[in-house]
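Enquirer: Handing you a structure now.
The values are calculated or read from the model by the stated rules, or taken from the named source; none is laboratory data. Since the structure is predicted, the reported quantities are computational estimates derived from the model, not experimental observations. Note that each Cβ is placed from the backbone with ideal geometry, even for glycine, and that neighbours are counted across all protein chains shown.
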Amino acid sequence: MTGSSKFRSLAIAMGALFVVAGCGGGGGGSSETLAADQTFRFGMSNDITSLDPAHVDSAVDITYLNEVFTGLYRFDNSLKIVPSGAASMPEISADGLTWTFHLRHDVVFSNGDKVTSADWVWSWTRTLRLNDAYASNLEAIHGATDVENGAATITGLSAPDAYTLKAQLDSPAGYWLTQLAMPTASEVLDKKVIDAAGDDHWTEQASTYIGSGPFKMTARTPKQSMDFVPVKNWWGGDTGKLTAIHVDIGIDDVSRVKKFESGGYENVGMANNGPGPDDVLRYKNDPVKNKLLTVYNGARTTAFGFNFVTGPFASKPGATPGADTTNSADPGLDGRRAFSMAIDRAQLADIACAHAITCQPAYGGPITKGFKGYLGDTGDPYAKFDATAAKALYQKWDPTGSKVKGLEYRYNTSGGNTKRAENLQAQWKQNLGVDVKLVPSDFPTLQRDRKKKVVILGRESWGIDYDHPQDWFDNLFSCSQAKVGRGNDEAYCNPAMDAITTAANAKSINDPATVNDYVKAGQMLVNDVVWATIDYGTQPYMTQSYVRGMGYNGLYDFNWEGIRLLQH
Amino acid sequence: MATVVPTALELPDQLQVVGAAEELPEQVTLWQDAWRRLKRNRLAVIGLVIIGVFLTTALVSFVWTPYPTWRQALGPTYQGPTLIHPLGLDDYGRDILSRVMGGAAIALSVGVGASMLASAIGIILGLLAGFYRGKIDVLISLLINISYGVPDLLIALILVVLIGRGIQNIILAISITAWLGMARLVRGQTLALREREFVEAARSIGTKNRKILTRHILPNALGPIVVQATYLVPAAIIFEAFLSLLGLGVPPPAPSWGAMASEGYKAIQIAPHIVLMPCLALSLTVLAFNWVGDGLRDAIDPRMRR
Amino acid sequence: MSRGTLVYAVQRLLLITFTALVVSSIVFIGVHQLPGNALASERRLNPATEQALLHHYNLDLPWPQQYLLWLEGLAHGNLGESLVNMGTQITPLLLREVKVSVTLGLAAVFVTIFIGMSLGVLAAIRQNTWVDYAASTAAVIGYSVPSFVWAFLLILLTVTGLYAWTGGTIYEDIGWGKIEQIPVPALALGLPYAAIVARLTRASMLETIRQDYVRTAWAKGLSARVVILRHALRNALIPVATILGPLVTGIITGSVVIEFLFGIPGLGQEFVTSILSRDYNIVIGVFTFYAALIGLANLTVDLLYPVLDPRIRY
């Protein structure tokens, strides 16, 4: 039921924008009477972590980067990749190793400085030098990792003239175009401003926070508010009808809805700061308020993961992280399967996500439903709830109860995680007779424990960066990640699976055979029960009836250029 | 704790030292007299009854509740009161009546536990500071003065974050912030009492200091101590509720009233019963303890003896 | 102000500074004994970046050295930089927030004294009537019900309720910035203490009224009654002034929860956020501010005391 309405709204949104084709703005036509005050207001729970494209990491912060900066390419509202700073799609050589970009001649920063190929080279070099979360978006270039390790220039990147960029890749990378469209690490920055204001300080003041995007920041009070306005005569086209965007910081989800109801906000949901599940339920059940609620397909999977090298669920107890964990006599397999089958995901989604509105039960593997690599609605054989089989399997695996003595489930307290955790605990107790202790913590502590491989059973979650399975496998399930510890907290290492995904990474994602390869790899994951996937997140939005052009495409909010407020 | 303790005791001129010139015979009849007066105080009696009810509920909950307090999906979530679930179901589909019962156990454990621990520490240190003076007194007075400069909630918050969230840790954290108030009271009492004649008398016949403290000073200071300790219980219960509200109270699925209230608040417009029940239970318990505390204070106040 | 008072004030100021220093030092040192480094935020840092960040915050130095650097900064009024939101300077942030909290706190104190004393006086002059019993019961309920429950009720009433009943014309807006956003949270914060003040006022007034000279003057007539009332009221202020210290501390404590519920960007909310996000630099800064704030508040109260009770002299 929820599913069909979600698809309907997404389809409508996509259809509408198919007409407008990308650049937002003015789609409403002359039949709309616009309000005099075109200020768009919304609120957030926490302050942003970083506004620097080279440092940014969270989906919340990316929302703003999307509007203030530009990359060579970008996603339009229907997630189609279109040129932005580049004038056209890239020329790729036959062997896939040389990419040539022709740049637009009219790109300028909001302070008037012109953008040339030198700026792009400088910006990308800076990103690699700072080597933070999304520097990986540029690692496909030959010599990029050298810069991360201290080299001064990217040997594989050159600027033959002021409006051409040439990149040499180490190996064909079908996904690189997608990475370039992400509004983060590869966006162009103004060297003059950053050098003057300081690499660490240029984002603090609105006056030095300069980008080439359709909007610019005019005010920022830490932990209180932010303000943006459109850039006059923006080189990229129409910046739309909004005259100002005001963001309140420090308003929690309950208060956001209250302010929305008293007319203080145009929307709740922008920048990944949506309403809480109880309010969503209230709106769903109210005939009038229901019209203001839209639930979009989300791009996040939540699961619980098992430790493959330590503890009762380990497939190869005692192995060092990064070593092969495949084991035909896997001693933890039955336990992992039992724990997964013991969970009625429908009940969990009902309870933790307000009757399955803010999330949907997951039956198709780690990759979120609706994205490439999804295993299908019955793709995960151990996601199907079967209490009797689970209990029997559990008792066969652990007849004395010694294996689960003192078992802890670790998670970070945020959003609906607490609800999920408490329901998991209740279901394991009820269906397996096992007492799992809940150990909530903040995120840094959880991360530390995961890296130390102390977490035996813990919450896992991944928000999609772009619609490509490589995002999942390379970050979460590969042997090299198990060693390094930036992802793959389970320390799962399956060389056969890695071989399949590495080969697929080099091929074009538009080829169905490539997608099939990823699906095969995904099936190995679910058979080994690396993650017991429990739900796919949805994004509920509350929007005032007089707002047009608001939406969400599964990864990002619709661009601000398309939003307008009608008279009300 | 200087937060919600009703403050007759904070007024220096109302701090009466209990006990007159004679000692032991007076003391026995004093307590009997106090008990008689307490019984006549209607509100205090009601308070005692309420506490009795909650105490019984708490004890029963250790052995039996209508449904397990942790069991979810017993019915449709957010459901209002029905015959089989007289207080309704919460947002997880858990039985609220069972959880309120469990919450009584937690509240009373935290309240009484913290009060007793804080009192024990406070009494010992207060006696030592007031009697022996010297370095101990300087240190304790300094601590008391510094404690005026920092809100206890902040210290407790930091402590809980550092040492973890179990029920014992919370009792510990609350006690660490609460013992200073008791120490201050006991120190004041001791300072006044040590000058009294019966103490001089005891000293002159060679009674050891420890005996003087335990046999002479402490019993005479007991009145205000008991009153303060009684007031500490509801203060500790509210304190834990504050912590739960901020997400740092007794960890889930423990049915502490504060945690239930903070969860229920989010659903207050679709299911007000979820937040109402624990708030009601909490307020009644605190009210009861406050009435009893007031009654005790009036009962031992010699100025009201007629 | 007499010379004695001046000396007293200076002594107290020194004590406050000392206390603030001690408190923040304890927190600083305590925090730096924690295992692991303070920086693992939501990101997954690679070693080189992590090193650079540690260096940026001086976290790669031994902690005694960090402490000295921090003291030096403190002497210049610089409390450092936020660990979680890089680039955010702590001192201006906390200064802005302390203004918010102080405004709210003063409003709450005003509510407390105004409502509390009015209720107390009413109960006293109508002693043993239904007014008295009603007021006394209201007072006990007032301080038995925790302030967050009052906050729940008030939010429900003024935000949702009013909006619904008046069709959206009158309502309370969540947040901070407009003057009409002050009364409701101040009410939630001050009600429990107003109840305590009410009881105190009643008791004190009853005591004064019972005095013989009062009874005599009362019999003399209306104008005398008014004079007595004023005199009794004046005396009733003294016990209130005595608990003003703990009252202010209590309000500052309560503001942590109230700010959180009303979305008010004050010091209390900052403290909770920074503790939960392990932003230790801010935590240390907040403690320093609180120690200074409470010290100053208590000093103000103590300086006001002789104004109310001329018997007190420093």
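Enquirer: Against the conditions (1) at positive phi; (2) crowded, with 20+ Cβ neighbours inside 10 Å; (3) within 12 Å of chain B (Cβ to nearest Cβ), where does A:HIS355 fall short? Just the number, please.
Expert: (2)
Enquirer: Sticking with this one: It is to be established whether one or more residues within the range B:51-67 are within 14 Å of chain A (Cβ to nearest Cβ) and under 21 Å from B:ALA254 (Cβ atoms). Quick ask: steps written out before the conclusion?
Expert: To start, the set of residues in the range B:51-67 that are within 14 Å of chain A (Cβ to nearest Cβ) comprises B:67.
Now narrow it down to the ones that are under 21 Å from B:ALA254 (Cβ atoms): B:67.
Within the range B:51-67, one or more residues are within 14 Å of chain A (Cβ to nearest Cβ) and under 21 Å from B:ALA254 (Cβ atoms).
Enquirer: Determine whether B:ALA271 is at pLDDT 85 or above, over 25 Å from the mean Cα position of the chain (by Cα), farther than 30 Å from B:VAL186 by Cα and outside any helix (DSSP H, G or I). Please lay out each step first, then the result.
Expert: Values: at pLDDT 85 or above: yes; over 25 Å from the mean Cα position of the chain (by Cα): yes; farther than 30 Å from B:VAL186 by Cα: yes; outside any helix (DSSP H, G or I): yes.
For B:ALA271, the condition - at pLDDT 85 or above, over 25 Å from the mean Cα position of the chain (by Cα), farther than 30 Å from B:VAL186 by Cα and outside any helix (DSSP H, G or I) - is met.
This table checks each residue for (1) under 30 Å from C:LYS99 (Cβ atoms); (2) not in a strand (DSSP E or B).
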site	(1), (2)
A:HIS201	yes, yes
A:GLY236	no, yes
A:ILE245	yes, no
A:SER255	yes, yes
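Enquirer: Looking for whichever is part of a loop (DSSP other than H, G, I, E, B) and surrounded by fewer than 24 Cβ atoms within 10 Å (Cβ to Cβ) here; the options are A:LYS372, A:LYS291. Which one fits?
Expert: Details: A:LYS291 fails: part of a loop (DSSP other than H, G, I, E, B).
One residue alone meets the criteria, A:LYS372.
Enquirer: Exactly one condition in (1) in contact (Cβ under 8 Å) with a residue 60 or more places away in the chain; (2) more than 21 Å from the chain's Cα centre (by Cα); (3) within 27 Å of A:THR378 (Cα to Cα) is not met by A:ASP498; state its number.
Expert: Every condition holds for A:ASP498 apart from (1).
Enquirer: Answer yes or no: is there a residue in the range C:164-175 that is modelled with pLDDT of 80 or more and away from chain B (no Cβ under 14 Å). So that I can check it myself, show each step before the final result.
Expert: Taking the range C:164-175 and keeping what is modelled with pLDDT of 80 or more, we get none.
For the range C:164-175, residues modelled with pLDDT of 80 or more and away from chain B (no Cβ under 14 Å): absent.
Enquirer: Condition first: modelled with pLDDT of 85 or more and either more than 14 Å from chain A (Cβ to nearest Cβ) or more than 13 Å from C:ASN281 (Cβ to Cβ) (or both). Can you find one or more residues in the range C:79-95 that meet it?
Expert: There is at least one residue in the range C:79-95 that is modelled with pLDDT of 85 or more and either more than 14 Å from chain A (Cβ to nearest Cβ) or more than 13 Å from C:ASN281 (Cβ to Cβ) (or both).
Enquirer: A further question on this structure: Considering (1) closer than 18 Å to C:VAL248 by Cβ; (2) buried (at least 24 other Cβ atoms within 10 Å of the Cβ), say which one C:PRO146 fails and leave the rest.
Expert: (1)
Listed here are the residues, each with its yes/no results for (1) touching a residue at least 24 places away in the same chain (Cβ under 8 Å); (2) within 12 Å of chain A (Cβ to nearest Cβ); (3) buried (at least 21 other Cβ atoms within 10 Å of the Cβ).
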{"position": "B:ALA44", "(1), (2), (3)": "yes, no, yes"}
{"position": "B:PRO81", "(1), (2), (3)": "yes, no, no"}
{"position": "B:ILE84", "(1), (2), (3)": "no, no, no"}
{"position": "B:ARG94", "(1), (2), (3)": "yes, yes, yes"}
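Enquirer: Still on this structure, I have one more. Can you confirm whether the range A:535-544 contains a residue that is free of Cβ contacts under 8 Å to residues at least 40 places away in the same chain and either touching a Phe, Trp or Tyr at 6+ places or on another chain (Cβ under 7 Å) or surrounded by fewer than 22 Cβ atoms within 10 Å (Cβ to Cβ) (or both)? Break it down stepwise before answering.
Expert: Filtering the range A:535-544 down to residues free of Cβ contacts under 8 Å to residues at least 40 places away in the same chain leaves none.
No: the range A:535-544 contains no residue that is free of Cβ contacts under 8 Å to residues at least 40 places away in the same chain and either touching a Phe, Trp or Tyr at 6+ places or on another chain (Cβ under 7 Å) or surrounded by fewer than 22 Cβ atoms within 10 Å (Cβ to Cβ) (or both).
Enquirer: May I pose another question? Taking the stated definitions as given, is A:GLY318 within 14 Å of chain B (Cβ to nearest Cβ), free of Cβ contacts under 8 Å to residues at least 24 places away in the same chain and small (Gly, Ala, Ser)? Break it down stepwise before answering.
Expert: On the way: within 14 Å of chain B (Cβ to nearest Cβ): no; free of Cβ contacts under 8 Å to residues at least 24 places away in the same chain: yes; small (Gly, Ala, Ser): yes.
Considered against the rule, which asks whether it is within 14 Å of chain B (Cβ to nearest Cβ), free of Cβ contacts under 8 Å to residues at least 24 places away in the same chain and small (Gly, Ala, Ser), A:GLY318 comes out as no.
Enquirer: Among the residues of the range C:263-286, which ones are at pLDDT below 85 and part of a helix (DSSP H, G or I)? Don't jump to the end; show me each part of the working.
Expert: Here is the first cut: in the range C:263-286, the ones at pLDDT below 85 are C:263, C:272-280.
Within the range C:263-286, C:VAL272, C:THR273, C:SER274, C:ILE275, C:LEU276, C:TYR280 meet the criteria.
Enquirer: Determine which member of the set C:VAL149, C:VAL159 is within 21 Å of B:PHE239 (Cβ to Cβ), over 17 Å from the mean Cα position of the chain (by Cα), of a type in the set (Val, Ile, Thr) and within 8 Å of another protein chain (Cβ to nearest Cβ). I'd like the intermediate steps shown before the answer.
Expert: Details: C:VAL159 fails: within 21 Å of B:PHE239 (Cβ to Cβ).
C:VAL149 is the lone residue from the list that is within 21 Å of B:PHE239 (Cβ to Cβ), over 17 Å from the mean Cα position of the chain (by Cα), of a type in the set (Val, Ile, Thr) and within 8 Å of another protein chain (Cβ to nearest Cβ).
Enquirer: Let me ask something additional. Going through the range B:53-75 one residue at a time, which ones are of a type in the set (S, T, N, Q), crowded, with 20+ Cβ neighbours inside 10 Å and over 14 Å from B:LEU89 (Cα atoms)?
Expert: As a first pass, look at the range B:53-75 and keep what is of a type in the set (S, T, N, Q): B:56-57, B:61, B:65, B:69, B:72.
Retained after the next criterion (residues that are crowded, with 20+ Cβ neighbours inside 10 Å): B:61, B:65, B:69, B:72.
Scanning the range B:53-75 gives B:SER61, B:THR65.
Enquirer: Looking only at the range B:127-166, filter to residues that are of a type in the set (Lys, Arg) and in a loop (DSSP other than H, G, I, E, B); which one of those is farthest from the other protein chains (Cβ to nearest Cβ)? Please lay out each step first, then the result.
Expert: Our first condition is that a residue be of a type in the set (Lys, Arg); within the range B:127-166, this holds for B:133, B:135, B:165.
Next cut, in a loop (DSSP other than H, G, I, E, B) only: B:133, B:165.
Numbers: B:ARG133: 21, B:ARG165: 8 Å.
Applying the filter and picking the extreme gives B:ARG133.
Enquirer: Look through A:LYS403, A:LYS369 and report the one residue that is touching a strand residue (DSSP E or B) at 6+ places or on another chain (Cβ under 9 Å) and among the charged types (D, E, K, R). Give the steps one after another, and end with the answer.
Expert: Numbers: A:LYS403 fails: touching a strand residue (DSSP E or B) at 6+ places or on another chain (Cβ under 9 Å).
Going through A:LYS403, A:LYS369 in turn, the sole match is A:LYS369.
Enquirer: I'd like to verify a number: residues in the range A:144-171 that are surrounded by fewer than 17 Cβ atoms within 10 Å (Cβ to Cβ) and within 28 Å of the chain's Cα centre (by Cα), how many?
Expert: 4
Enquirer: Could you grab me the full set of residues in the range C:19-34 that are over 13 Å from C:PHE287 (Cα atoms) and facing chain B (nearest Cβ under 9 Å)?
Expert: Of everything in the range C:19-34, just one residue is over 13 Å from C:PHE287 (Cα atoms) and facing chain B (nearest Cβ under 9 Å), namely C:LEU34.
Enquirer: Kindly establish whether C:ILE155 is of a type outside the set (Gly, Ala, Ser), part of a helix (DSSP H, G or I) and within 15 Å of B:ASN290 (Cβ to Cβ).
Expert: Values: of a type outside the set (Gly, Ala, Ser): yes; part of a helix (DSSP H, G or I): yes; within 15 Å of B:ASN290 (Cβ to Cβ): no.
Against the criterion (of a type outside the set (Gly, Ala, Ser), part of a helix (DSSP H, G or I) and within 15 Å of B:ASN290 (Cβ to Cβ)), C:ILE155 does not qualify.
Enquirer: Moving on to the next point. For the subset of the range A:41-91 comprising residues that are of a type in the set (Gly, Ala, Ser), touching a Ser or Thr at 6+ places or on another chain (Cβ under 6 Å) and crowded, with 21+ Cβ neighbours inside 10 Å, which member is nearest to the other protein chains (Cβ to nearest Cβ)?
Expert: As a first pass, look at the range A:41-91 and keep what is of a type in the set (Gly, Ala, Ser): A:43, A:45, A:50, A:54, A:58-59, A:71, A:78, A:84-88.
With the extra rule that they be touching a Ser or Thr at 6+ places or on another chain (Cβ under 6 Å), the set shrinks to A:54, A:58, A:71, A:84-85.
Of the ones still in play, those that are also crowded, with 21+ Cβ neighbours inside 10 Å are A:54, A:71, A:84-85.
Details: A:ALA54: 10, A:GLY71: 20, A:SER84: 25, A:GLY85: 26 Å.
Result: A:ALA54.
Enquirer: Another one. If the requirement is being crowded, with 18+ Cβ neighbours inside 10 Å and out of contact with any strand residue (DSSP E or B) (no Cβ under 6 Å at 6 or more places or on another chain), which of these qualifies: B:SER204, B:SER147? Please lay out each step first, then the result.
Expert: On the way: B:SER204 fails: crowded, with 18+ Cβ neighbours inside 10 Å.
After ruling out the rest, the residue left standing is B:SER147.
Enquirer: Among the residues of the range B:247-291 satisfying the criterion of being over 19 Å from B:PRO234 (Cβ atoms), aliphatic (A, V, I, L, M) and facing chain C (nearest Cβ under 10 Å), which is surrounded by the fewest Cβ atoms within 10 Å (Cβ to Cβ)?
Expert: B:LEU276
Enquirer: Check whether at least one residue in the range C:109-131 is closer than 20 Å to C:ALA292 by Cα and touching a residue at least 60 places away in the same chain (Cβ under 8 Å), and report yes or no.
Expert: Going through the range C:109-131, the residues closer than 20 Å to C:ALA292 by Cα turn out to be C:109.
Of the ones still in play, those that are also touching a residue at least 60 places away in the same chain (Cβ under 8 Å) are C:109.
Among the residues of the range C:109-131, at least one is closer than 20 Å to C:ALA292 by Cα and touching a residue at least 60 places away in the same chain (Cβ under 8 Å), which makes the answer yes.
Enquirer: Follow-up question, since we're still on this one. State whether the residues of the range A:322-335 include one that is touching a residue at least 60 places away in the same chain (Cβ under 8 Å), closer than 24 Å to A:LEU555 by Cα and surrounded by fewer than 21 Cβ atoms within 10 Å (Cβ to Cβ).
Expert: No, because not a single residue in the range A:322-335 is touching a residue at least 60 places away in the same chain (Cβ under 8 Å), closer than 24 Å to A:LEU555 by Cα and surrounded by fewer than 21 Cβ atoms within 10 Å (Cβ to Cβ).
Enquirer: Specify which of the listed residues (A:ASP377, A:ASP344, A:ASP398) is within 14 Å of chain B (Cβ to nearest Cβ) and of a type outside the set (Lys, Arg). It would help to see each step written out before you state the result.
Expert: Values: A:ASP377 fails: within 14 Å of chain B (Cβ to nearest Cβ); A:ASP398 fails: within 14 Å of chain B (Cβ to nearest Cβ).
Of A:ASP377, A:ASP344, A:ASP398, the one residue that is within 14 Å of chain B (Cβ to nearest Cβ) and of a type outside the set (Lys, Arg) is A:ASP344.
Enquirer: Sticking with this one: So C:ILE174 ticks every box in (1) in a helix (DSSP H, G or I); (2) touching a Phe, Trp or Tyr at 6+ places or on another chain (Cβ under 7 Å) but one. Which box is left unticked?
Expert: For C:ILE174, the exception is condition (1).
Enquirer: Looking only at residues in the range A:67-92 that are of a type in the set (Gly, Ala, Ser) and touching a strand residue (DSSP E or B) at 6+ places or on another chain (Cβ under 8 Å), which one is nearest to A:ASN553 (Cα to Cα)? Steps first, please.
Expert: Going through the range A:67-92, the residues of a type in the set (Gly, Ala, Ser) turn out to be A:71, A:78, A:84-88.
Adding the requirement that they be touching a strand residue (DSSP E or B) at 6+ places or on another chain (Cβ under 8 Å) leaves A:84-88.
Working: A:SER84: 19, A:GLY85: 22, A:ALA86: 23, A:ALA87: 24, A:SER88: 23 Å.
So the residue we want is A:SER84.
Enquirer: Note down all Cβ pairs under 6 Å where the first residue falls in the range A:253-267 and is at the interface with chain C (Cβ under 10 Å from one of its Cβ atoms) and over 10 Å from A:ARG41 (Cα atoms), the second is modelled with pLDDT of 85 or more and buried (at least 22 other Cβ atoms within 10 Å of the Cβ), and they're at least six residues apart or on different chains.
Expert: From residues that are at the interface with chain C (Cβ under 10 Å from one of its Cβ atoms) and over 10 Å from A:ARG41 (Cα atoms), the pairs are A:ARG256/A:GLY43; A:ARG256/A:VAL268; A:VAL257/A:VAL268; A:VAL257/A:PRO275; A:VAL257/A:ASP279; A:LYS259/A:TYR265.
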